[in-house]
Structure formats: structure tokens, C-alpha cells
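Contents: one structure, followed by commentary.
The values are calculated or read from the model by the stated rules, or taken from the named source; none is laboratory data. Bear in mind the structure is a predicted one, so any value in this text is a computation, not a measurement. Cβ atoms come from the backbone with ideal geometry, glycine included; neighbour counts cover every protein chain shown. Heads up: the accessible areas ignore ligands, DNA and RNA and are worked out on the full protein's heavy atoms, side chains in. Shrake-Rupley method; radii C 1.70, N 1.55, O 1.52, S 1.80 Å.
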Amino acid sequence: QVQLVESGGGLVQPGGSLRLSCAASGIIFRLYTMAWYRQAPGKQRELVAQITSGGSGNYADSVKERFTISRDNAKNTVYLQMNSLKPEETAVYYCNAKIVGGGYWGQGTQVTVSS
């Protein structure tokens, strides 16, 4: 049974930081491209960042220089360090594991950026 469990969300003030974690089980983690998506109320889910099995990361233009994605294959965990957060980045953040032929989603963690 595949599980992706996100944690680390919460309420943060504008300009603040959060670190999200996603712990995976039931997959050969090191083979998967891992990604973070977010979905704000009334908007489509969008890709925030992804990291390949080889460790190469790429980012949405809106988060470059502020967010960092990383992975620890020994812990089957992917992280998203988010700095200088903005109110418009309030959303549910989802972890995604993808491989040729399919993928899996976590349940999401709420991030609220507000003063």
C-alpha cells in the first residue's frame, strides 16, 4: 500500500518560512521523481517544484530563489523549504510521486500565510 504523508504546514506571517516534509512508503522511493503542488481556493492545482531521481530540481518561476526542494533517499522523504512566503501562497500543498506509467498523491497539508 502506497502512502505519501505530508507534514509541516501551518500558519505563518508574510515573509516567514516553513519546511514541508513528505514521507513515502510502499514505493521504491529512489526511482521516483518527487514533486510538490499547491492548490489555492478556486484555483487549479499547480506545480511548485520537483526533483528527479537523480536529484535535479526545477521550480515554478514564482518560487525560484525562495523555495528549495530536496530529498533524502535513506529516509524516503522529500522536503520543501519555503522562505519569504507571500499571502497569495496560501494553499493546500500536495506531495506527488511520479514514474513512467503513473504516480501517487498525498492528502495535502494546509499552508496559510497571513498576519
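Overview of results
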{"item": "Tyr104-Thr68 FRET efficiency (beta carbon distance; Förster radius 25 Å; 0.05 resolution)", "result": "0.65"}
{"item": "For the chain, built as a Gaussian network whose Cα springs stay under 10 Å, the top-fluctuating residue of Leu85, Leu20, Leu31", "result": "Leu31"}
{"item": "Distance (nanometres) between label positions extended 7 Å along Cα→Cβ at Asp61 and Val5", "result": "3.9"}
{"item": "Restricting segment 64-94 to trypsin sites (Lys or Arg not before Pro) in coil, as DSSP defines it, with at most 14 other Cβ within 10 Å", "result": "Lys64, Lys75"}
{"item": "Contact order normalised by residue count of the chain, Cα under 8 Å, 6+ apart, percent", "result": "36"}
{"item": "Contact order relative to length of segment 1-59, as percent, for alpha carbon pairs under 8 angstrom and 6 or more apart", "result": "25"}
{"item": "Net charge of Cβ neighbours under 15 Å - reference Glu65; Lys, Arg +1; Asp, Glu -1", "result": "+1"}
{"item": "Proximal lysines to Lys43, defined as alpha-carbon separation beneath 20 angstrom and excluding residues fewer than eight positions away on the same chain", "result": "Lys86"}
{"item": "Segment Gln81-Leu47, length gained on full extension (0.36 nm per residue, minus Cα span)", "result": "10.7 nm"}
{"item": "Per residue accessible area in Å² of the chain, where ligands, DNA and RNA are left out and the probe is 1.4 Å", "result": "53"}
{"item": "Range of Cα positions in the chain per principal axis (Å), largest first", "result": "40, 25, 23"}
{"item": "Set of segment 64-101 residues, backbone N closer than 17 Å to the point 7 Å along the Cα-Cβ line of Ser114", "result": "85-93"}
